[in-house]
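The values are calculated or read from the model by the stated rules, or taken from the named source; none is laboratory data. All values reported here derive from a predicted model rather than from experimental measurement. Cβ sites come from the backbone with ideal geometry, for glycine too, and all protein chains shown count toward neighbours. What goes into the accessible areas is simple: the full protein's heavy atoms, side chains included, and nothing from ligands, DNA or RNA. Shrake-Rupley method; radii C 1.70, N 1.55, O 1.52, S 1.80 Å.
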Amino acid sequence: MPDIEVNFPFVKSKRSVLKILEMVVAFVAFVCFAASSFSGAFLAVPLMEIFITLAFYLLYLLKLDSKITQLFWPLMDSVNSAFAALFLLIICIAAVVLRTTAGIITGSVFGFLGVLLYAVDTYVIFSLIAFNQTKTTSG
């Protein structure tokens with residue numbers, strides 16, 4: 001049986017709180033769109049992002065990113081967050097343009113909040129990737 005450790009410092013970190021907020025906001029957007037009887041991408045994108053964000057959360061929580069080293073997890077997380085922000089932005093704009101009900105407006109507001117959270121997550125992770133290197137000076 002593999003030895004699974006829990007990364008307790010991650011639970012208390014800002015990135016952990018950001019991931020949890022992303023999942024909560026995506027869930028609320030999903031529920032609002034579902035209550036408005038929207039279907040297709042309007043339900044699929046928030047639901048998909050809940051599961052993908054949960055997978056990354058568990059990956060970091062259980063320190064699996066240090067055990068599965070074939071992939072560069074921070075870059076994958078950053079790319080996922082960028083695409084999540086883009087897809088949520090597209091479906092929220094499309095939802096408001098197609099139909100304006102209370103559920104659609106509420107779902108879109110939470111979707112736009114999710115866009116902001118995923119954009120911040122992209123920036124935070126990308127800055128950790130880009131600025132976590134030692135600088136070399138020549139000369």
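Search the stretch 115-138 for residues that are more than 14 Å from PHE83 (Cβ to Cβ) and modelled with pLDDT under 85 and pair each with any residue that is open to solvent by less than 90 Å² (accessible area, probe 1.4 Å) and of a type in the set (S, T, N, Q) when their beta-carbon atoms are under 7 Å apart and the residues are at least 6 apart or on different chains.
Once the first residue is more than 14 Å from PHE83 (Cβ to Cβ) and modelled with pLDDT under 85 and sits in the stretch 115-138, its partners that are open to solvent by less than 90 Å² (accessible area, probe 1.4 Å) and of a type in the set (S, T, N, Q) give ILE129/SER78.
With the structure loaded, tell me whether ALA29 is closer than 18 Å to ARG99 by Cβ, in contact with a helix residue (DSSP H, G or I) (Cβ under 7 Å, 6 or more places away or on another chain) and open to solvent by less than 20 Å² (accessible area, probe 1.4 Å) or whether it fails that test.
yes
Restricting to helices (runs of 4 or more DSSP H) lying wholly in the stretch 12-90: which have 1 or more residues that are at pLDDT 95 or above and out of contact with any Ser or Thr (no Cβ under 7 Å at 6 or more places or on another chain)?
The qualifying helices (runs of 4 or more DSSP H) are 14-35, 41-61.
Here is a check on your reading of the model: is THR69 more than 25 Å from LYS12 (Cα to Cα), open to solvent by 50 Å² or more (accessible area, probe 1.4 Å) and either free of Cβ contacts under 8 Å to residues at least 12 places away in the same chain or not charged (D, E, K, R) (or both)?
no
Collect the residues in the stretch 91-101 that are without any contact (Cβ under 8 Å) to a residue 24 or more places away in the chain and open to solvent by 80 Å² or more (accessible area, probe 1.4 Å), keeping them in residue-number order.
Across the stretch 91-101, the qualifying residues are ILE93, VAL97, LEU98, THR100.
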